[in-house]
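Could you have a look at this structure, given as structure tokens, before my questions?
Laboratory data are not the source of any read-out in this text; all were calculated from the coordinates shown. Computed from a predicted model, the values in this text were never measured in an experiment. Backbone-built Cβ (ideal geometry, glycine too); neighbour counts: all protein chains shown.
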Amino acid sequence: MEIHIRRNDRLMMTGATDGCGGSSIALNHMGANDVVGGDNICLNNFDTDVFTMDLCQQRQKQAPSTVAEVERLVYGKRNNRKRIAMLLHVMAEIHQLALLSQHNNNSCTYRELYYKNIYLPCNMLQINRAVEDVGSLLGLTAWDMGVFATGKGMVAGPLYIYMNNGDVIDCHKTNTPTMIPPHFTYIDHFETSALLVLVVEKDTIFKKLIANNIFQIMQGKLLLLTARGNPDLSTRWLLSKLGRQHNHLQFYMLADADPYGIEIMLTYRYGSQKFNQYAEQLSCSQLKWLGIHPSDICYNLQVPQEPLSCRDFKKIESILKRLYVTEEIHWELIVLQHHGFKAKLDNMSSECFALFIHDYIINKIKRQIVL
């Protein structure tokens, strides 16, 4: 039995029987109670009738003709067996999830898949890879299969989130921010009276803005949102859906003046390389970079600075090579590179931060000094 994993395309399984356009699938080579020799790996709950030849043929017709990378897994090779077993285990769990979801919106997290696996010693990275492999076979994303990461995004402000099961999430309680639903594909629509959406890189700045009465300053017309670092899928999905459903909203990003803050802003605006084929669902093209701009710290913005590390310089070089980087952002990266120092909002004192809200955030929005 062989598995050919085609990244950004599909996963094609080959075995002893022909039937998939020149290739073949042989899931039934491993029965429901097979034990993988040498590794003591059991697959007690695997149903060999889950995926039929018709499904394989249908996926082959829909798949693009060109692929960039093909990874070949051979069951006869000892170092491939565990990965194949993990793939089949996750496939069985997702099939069971699909059966339960026929009448209800059933889903699970990567962590739940990890704890359900009582037969195969593994770690979370192996679970993530197995879900990705199964998604390649089916031509689906993890969220299409009902598998979600644990959410970490938060939102506060005048927003109602309506789920497709009838639940309504009220985000108006600004003192206690609302967690963004991790099952983001179950979001139906939103209602909001806000005019602005401010996306913040870090939760520390998110909390500081709330503590400094940002909602009163903006007269209740602001939505505040953060993914607490690198943007997760649920936060990116919500931001993108908000932009598509509410054209009147203006979107701004507040991040540190360092290469990683800039990269996070670019991920929100353009999407990530890993999910580039789903950029429309996971990006917000109307997002404007409010700051902090490297040119600001070079001239007049009083923010504590620290020298760039070797890793920072490498990250700048990496971002500069990306074709979607605009001329203005490219120039800001060059400024950062030549200045040699970065600025983090966390380092700002409470007194300076209160002035920063009025003199920087409000002023830049009013004058539209954004990129």
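For the range 227-297, state which trypsin sites (Lys or Arg not before Pro) are in a DSSP loop and have at most 14 other beta carbons lying within 10 Å of their beta carbon.
Filter output for the range 227-297: Lys274.
Excluding Val90 itself, what net charge comes from residues whose Cβ is under 10 Å from its Cβ, given Lys and Arg +1 and Asp and Glu -1?
Taking every other residue near Val90 into account, the sum is -1.
What whole number of Å gives the distance from the Cα centroid of the range 203-219 to the Cα centroid of the range 105-168?
First find each Cα centre; the distance between them is then 31 Å.
Here is a follow-up. Quick check: net charge around Ala149, other residues with Cβ under 10 Å of its Cβ, Lys/Arg +1 and Asp/Glu -1?
Working: positive: Arg111, Lys152; negative: Asp232.
So the environment of Ala149 carries a net charge of +1.
How much length, in nm to one decimal, is gained on full extension between Leu320 and Asn165, taken as 0.36 nm per residue of separation minus their Cα-Cα distance?
Stretched out fully, the Leu320 to Asn165 stretch lengthens by 51.4 nm.
Past 23 Å, Cα to Cα: identify those pairs from Lys342/Lys364; Lys173/Lys274; Lys116/Lys241; Lys116/Lys202, in the order given.
Lys173/Lys274; Lys116/Lys241; Lys116/Lys202
Is the range 195-311 best put as rounded, prolate or oblate by its Cα gyration tensor, with a ≥ b ≥ c the root eigenvalues, rounded for a/c under 1.5, and otherwise prolate when a/b is larger than b/c, oblate when not?
oblate
Another question, if that's okay. Taking square-rooted eigenvalues a ≥ b ≥ c of the alpha carbon gyration tensor, is the range 180-219 rounded, prolate or oblate, where a/c under 1.5 means rounded and, failing that, a/b exceeding b/c means prolate?
Working: a/c = 3.14, a/b = 1.49, b/c = 2.11.
Here the range 180-219 falls in the oblate category.
Still on this structure, I have one more. Per Stokes-Einstein, at 25 °C and 0.890 mPa s, what whole-number D in µm² s⁻¹ belongs to the range 141-261, with the Kirkwood radius over Cα pairs as the hydrodynamic radius?
On the way: Rh = 14.6 Å.
D, rounded to a whole number, is 168 µm²/s.
Excluding Gln216 itself, calculate the net charge of residues whose Cβ lies under 15 Å from the Cβ of Gln216, where each Lys or Arg counts +1 and each Asp or Glu counts -1.
+3
May I pose another question? Can you tell me the order of 130-136, 357-363 when each peptide is scored by its average per-residue count of other Cβ atoms within 10 angstrom, highest first?
Result, highest mean first: 130-136, 357-363.
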